[in-house]
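Working notes, structure below.
The values are calculated or read from the model by the stated rules, or taken from the named source; none is laboratory data. Only a predicted model underlies this, so the values are computations on that prediction, with no experimental measurement involved. For neighbour counting, all protein chains shown are included, and Cβ atoms are generated from backbone atoms with ideal geometry for every residue, glycine included.
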Amino acid sequence: MTTRRLTRTVWAAVLTVLYLFLLAPILVVLVESFDHSTYLRFPPEAFSLESYRQVFANEAFREGFKVSGITAAVTALLAMATGVPAALALTRLRFRGRSAIEAAFLSPLLVPHIVLGLALLLILAPIPLTDTYWGLILAHLGVSVPYVVRTVSAALASADPRAEEAARTLGASGPMTFWRITLPAIRPGLFSGGVIAFLLSFDETVISLFVSGQNTVPLPVAVLQYVEYRSDPSVASLSVLLVLLSVAVVVLVERGLGLRRTLRS
Amino acid sequence: MADTPVSEGHLVLEALAKTYPGKDGAAVRGVDLTVERGRMLAVLGPSGCGKSTTLRMIAGLVEPTAGRIRVDGRDLTDVPVHRRDMGVVFQSYALFPHLDVARNVAFGLEMRGTPKAELRRRVDEALDLVRLGHLAGRRIAQLSGGQQQRVALARALVVKPAVLLLDEPLSNLDAQLRSAMRDEIVRIQRETGVTTVFVTHDQQEALSMADGVAVMNQGRIEQTGTPEDIYERPERPFVARFVGRANLLDGTVSGVEADTVAVALPGLGTVRAAGGPVTAGAATTVMLRPHRIALTGAAPGSGAVRGTVLSAGYAGETVAYRVRVGDAGPVLDVERPTGAHASYGPGAEVELSWDPDAPRLVAAEEGTE
Amino acid sequence: MTAAPGTAPEADPKATPEAATAPVRDSPERPARRRGPARQALVLLVPGLLALLLTYALPLVWVVRMSLNESGEGGLIRQTVSLATFGEVLGSSHYGNVIRQTVELGVLVTFFTLVVSYPVALFLARTTSRWRGLLMALAIAPLLISSVARTFGWMAILGRQGVVNKTLDGLGLIDAPLHLANNLTGVVIASTEIYMPFAILAMISGFGRLDPALEHAAASLGAPRRTVFRRIVLPLTLPGVLTAGLLVFVLSLSGYVTPRLIGGGRVFVLATEIYDEAITSLDWPVAAVLSMLLLALFGVVIAVYLWAQRALEARFTGAQEARS
């Protein structure tokens, strides 16, 4: 019995240490974000919201936020517009070469971003589309489409095809069936596909490094450049703000969807 | 259906066939079926026999490779699913998870542009018919399996379909609910009088619910008839074996009389059986249902069929025996009600007997046809 | 019940097929599905395929093409088809070191990540605690924060004035600060943490076959805890560990942010070299060749993974049965 308790204690201690290791940088970032000194020190000398103020005062961060927001929104829209029909074809239609095309749609997930970034630089530089919104959007589109196809395909696969058949037998035409039965069934999948595409683009660092320049600098690149030469805590504050923002967006949209669902029934 | 006056069929399938590309053999190979107006037909067969494909072809969900589908004489073969006017209840029910009960039922009427007031009235009627009026506002996920089944029925019936099609309607319910729903479906079918075809692999379901049964095997209809025809007078060994339990004994016709046939069965002697027509000398098969065979203690010297009990399995209401006839004769399944007979253990010497109408001729496999 | 839906068709003209077709609105002559699914599929697939072609396939072809060019004086590119740049890169001792360090980093990071992730994944897969949801969320919470921010956090922990050195100094355990940043050690530590959530997720989804009933069954058959782990838990979890290993190895081979920030310009791996050649030195043929080498490395890793997977499968299923 005692060896059992000992095993359990050791096990709990090991897990605690591993969780501490895993969460260490987040905790440090959180604590640092309330520091106001001009260089990194731990623990901070005094707690203040000074570095949060600095985030909003930082022109590069403000501009980067705008660039990333616009790029991510357009990328998500384009990825949905091209990825959803593809997912529909891959899950609902039988045709020759289906599995090969499916593999092609997922293959960008296997290519490292450092290589894709270089590839996009090589092709966008001569046009020239580097350091522009459209360059960033095209660069992000390729890595976003596979996630949309995968998420929406999964949603379509779990939606009951028999329900679509039932709608057909009840007199609904093909487009009517899609609109009234399929679309509502995959709405959560569509939503998460769009959000994933948006967040991927918003967070994309390596590919953006290759195709952005001085004029169109997305937020992750601005942060990377800032961290490389300065070590004050405003990056920590910015990270905390971004996490709060993404959590808020997810919660708000979830609420919105839930609300609509309750209203309907 | 022997007692109904002859009328033109309401639903008629003519040489309906389906071959899937890239697969050997046809899923359905030429099915001819006629269902009279207001009747309920069960299509009975093992899984993979093509019964579901046949049902889906009637519904318009699968395009037939050959053959025609008619309702009231009108050819529907090329009419698309959504204009075919078939009420379909799917095995999984296929209810719309994002709509509540009433809106599920209303869907077909909405597609037909039914005016609001009439739509509401007919949805209420349909829900009353399946006794779910009180659950109209429920979400599908909040319903039990039996309730979902009823919603699926109401949704299919509310549009007053030409034909109601049920795909394995009871297979997703537990045993107790199943027998209750069996009665429910029969009641609803009687009340609405809708021509109904249902597909099942369960012979009990087919025999107890339907007016007519079509037994299907390997893409073909083996036999069509009333439940009694199918059980008592199977025309083929497959039907005898699939519907109920049967001892099938191969032999040779030794004599043909007015209404019985004498068949010589190796190891068993000559047995008189009803059925035919056959000619003397032909190979044939005799069916003996296990519960039609009686067992008594062996009386030495009697001319009856004698045997040895190999095993006895107690099964509550009945005891299932396996009995070897003679020393090296065939082994017969025998089923006797518990308590109504003296029980025998393995090794017991017994005498087997049966009523004269118990043995039936079934055509030898691939034989007479 | 004469008013009931589906009343006998004789009594209700609505139920006859003639009436049935009338109220249904659209009326194409032939059903849509008969147009052939292949044509429909083409229409639906074209936008997506076009997007992939323009933003992924074509650029990759460009890289392959670029790797066959040669770089001339002053950032000029000599258009040719030769393996000269490959030869130049493979013959140089600098790039040899880069490749060696890339593989070394990948191996170290993969090893440590698996070691620290396995207990957490095993715990999360098996626990029935009511805190499971929260602990699961905590394990993947780091994914919410960009790797740049987490790397920044590690800089604050590992730096000369970082948490670790301050603490150790405060306790009087060290005289001079430990060198934990601007070198391979720091990159390995930070990368291990950064890939941990990925490894935990991959392991848990690979542990699907781990059923507590199996452990109970083994214990009831007389196996001590250690044996239960060795004979039941380990074989069932190894495929998940292998998948996690592949994922982490591939991610760390191509990781750029952490080597650049924590490495402080002193850790050279393929990813940092590709960026520097492309952006700083403007030597695109060399950058392209380094990319091809990285992809080749990927190929080797995936081949090893497939081989190991097959070997595991054989060892723990077929062979085991044959032996006993």
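There is no residue in segment B:276-284 that is polar (S, T, N, Q), assigned to a strand (DSSP E or B) and either under 25 Å from B:Val350 (Cβ atoms) or at pLDDT below 85 (or both).
A quick yes/no check of all residues on (1) in contact with a helix residue (DSSP H, G or I) (Cβ under 7 Å, 6 or more places away or on another chain); (2) outside the structural domain of B:Ile230 (by TED's automatic domain parsing); (3) over 22 Å from B:Gly244 (Cα atoms):
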position: B:Arg272; (1), (2), (3): no, yes, no
position: B:Met287; (1), (2), (3): yes, yes, no
position: B:Thr296; (1), (2), (3): no, yes, yes
position: B:Arg306; (1), (2), (3): no, yes, yes
position: B:Ala348; (1), (2), (3): no, yes, yes
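Summed over segment A:213-236, residues that are among the charged types (D, E, K, R) and either free of Cβ contacts under 8 Å to residues at least 12 places away in the same chain or not in a loop (DSSP other than H, G, I, E, B) (or both) total 2. For segment B:184-207, check the following and say yes or no: at least one residue is more than 30 Å from B:Gly267 (Cα to Cα), in a strand (DSSP E or B) and among the small types (Gly, Ala, Ser). No, the conditions are met nowhere in segment B:184-207. In the condition set (1) facing another protein chain (nearest Cβ under 9 Å); (2) acidic (Asp, Glu); (3) closer than 26 Å to C:Arg65 by Cβ, A:Asp131 is compliant with all but (1).
Listed by first and then second residue, the pairs with beta-carbon distance under 8 Å, at least 6 apart or on different chains, first residue in segment A:101-128 and at the interface with another protein chain (Cβ under 7 Å from one of its Cβ atoms) and touching a residue at least 24 places away in the same chain (Cβ under 8 Å), second of a type in the set (Val, Ile, Thr) and part of a loop (DSSP other than H, G, I, E, B), are A:Leu121/A:Thr130. Put simply, of A:Ala166, A:Ala172 the only residue that is within 11 Å of chain C (Cβ to nearest Cβ), out of contact with any Gly (no Cβ under 8 Å at 6 or more places or on another chain) and hydrophobic (A, V, I, L, M, F, W, C) is A:Ala172.
In the set A:Gly135, A:Gly64, A:Gly97, A:Gly69, only one residue is at pLDDT 90 or above, within 20 Å of C:Ala57 (Cα to Cα) and out of contact with any Cys (no Cβ under 9 Å at 6 or more places or on another chain); that residue is A:Gly135.
Being in contact with a helix residue (DSSP H, G or I) (Cβ under 7 Å, 6 or more places away or on another chain), surrounded by fewer than 22 Cβ atoms within 10 Å (Cβ to Cβ) and in contact (Cβ under 8 Å) with a residue 40 or more places away in the chain holds for only one residue in A:Phe191, A:Phe202, A:Phe210, A:Phe198, and it is A:Phe191. Taking the listed residues C:Thr192, C:Thr167, C:Thr272, C:Thr185, the one that is assigned to a helix (DSSP H, G or I) and more than 10 Å from chain A (Cβ to nearest Cβ) is C:Thr185, with no other qualifying. Of note, B:Leu170 does not satisfy the criterion of being away from chain C (no Cβ under 13 Å), touching a helix residue (DSSP H, G or I) at 6+ places or on another chain (Cβ under 7 Å) and more than 30 Å from B:Asp211 (Cβ to Cβ).
For segment C:57-147, the helices (runs of 4 or more DSSP H) that sit wholly inside it and include 1 or more residues that are more than 23 Å from A:Gly117 (Cα to Cα) and more than 14 Å from every other protein chain (Cβ to nearest Cβ) are C:84-91, C:93-126, C:132-140.
Which residues, taken from segment B:152-167, are within 13 Å of chain C (Cβ to nearest Cβ) and more than 11 Å from B:Phe198 (Cα to Cα)? B:Leu153, B:Ala154, B:Arg155, B:Ala156, B:Leu157, B:Val158, B:Val159, B:Lys160, B:Pro161, B:Ala162 - these are the residues of segment B:152-167 that are within 13 Å of chain C (Cβ to nearest Cβ) and more than 11 Å from B:Phe198 (Cα to Cα). Look through B:Thr260, B:Thr308 and report the one residue that is in contact with a strand residue (DSSP E or B) (Cβ under 7 Å, 6 or more places away or on another chain), of a type in the set (S, T, N, Q), under 15 Å from B:Pro359 (Cβ atoms) and crowded, with 16+ Cβ neighbours inside 10 Å. It is B:Thr260. In segment A:52-61, is there at least one residue being at the interface with chain C (Cβ under 8 Å from one of its Cβ atoms) and not in a loop (DSSP other than H, G, I, E, B)? Checked against the condition, which is being at the interface with chain C (Cβ under 8 Å from one of its Cβ atoms) and not in a loop (DSSP other than H, G, I, E, B), segment A:52-61 yields no hits at all. Of everything in segment C:158-187, what is over 26 Å from the mean Cα position of the chain (by Cα) and among the β-branched types (Val, Ile, Thr)? Give them in sequence order. Correct list: C:Val163, C:Val164, C:Thr167, C:Ile174. The requirement of being part of a loop (DSSP other than H, G, I, E, B), surrounded by fewer than 21 Cβ atoms within 10 Å (Cβ to Cβ), touching a helix residue (DSSP H, G or I) at 6+ places or on another chain (Cβ under 6 Å) and away from chain A (no Cβ under 14 Å) is satisfied by C:Ile174. What about A:Pro146, is it more than 7 Å from chain C (Cβ to nearest Cβ), farther than 30 Å from B:Pro161 by Cα, of a type outside the set (Gly, Ala, Ser) and in a loop (DSSP other than H, G, I, E, B)? So A:Pro146 fails the test.
Scanning segment B:312-346 for residues that are free of Cβ contacts under 8 Å to residues at least 24 places away in the same chain and either outside the structural domain of B:Leu288 (by TED's automatic domain parsing) or assigned to a loop (DSSP other than H, G, I, E, B) (or both) gives B:Gly316, B:Glu317, B:Asp327, B:Gly339, B:Ala340. Taken as a whole, the structure places C:Leu214 among residues that are part of a helix (DSSP H, G or I) and either within 13 Å of chain A (Cβ to nearest Cβ) or surrounded by fewer than 22 Cβ atoms within 10 Å (Cβ to Cβ) (or both). Looking across segment C:148-161, just one residue is in contact with a Lys or Arg (Cβ under 9 Å, 6 or more places away or on another chain) and in a loop (DSSP other than H, G, I, E, B), and that is C:Gln161.
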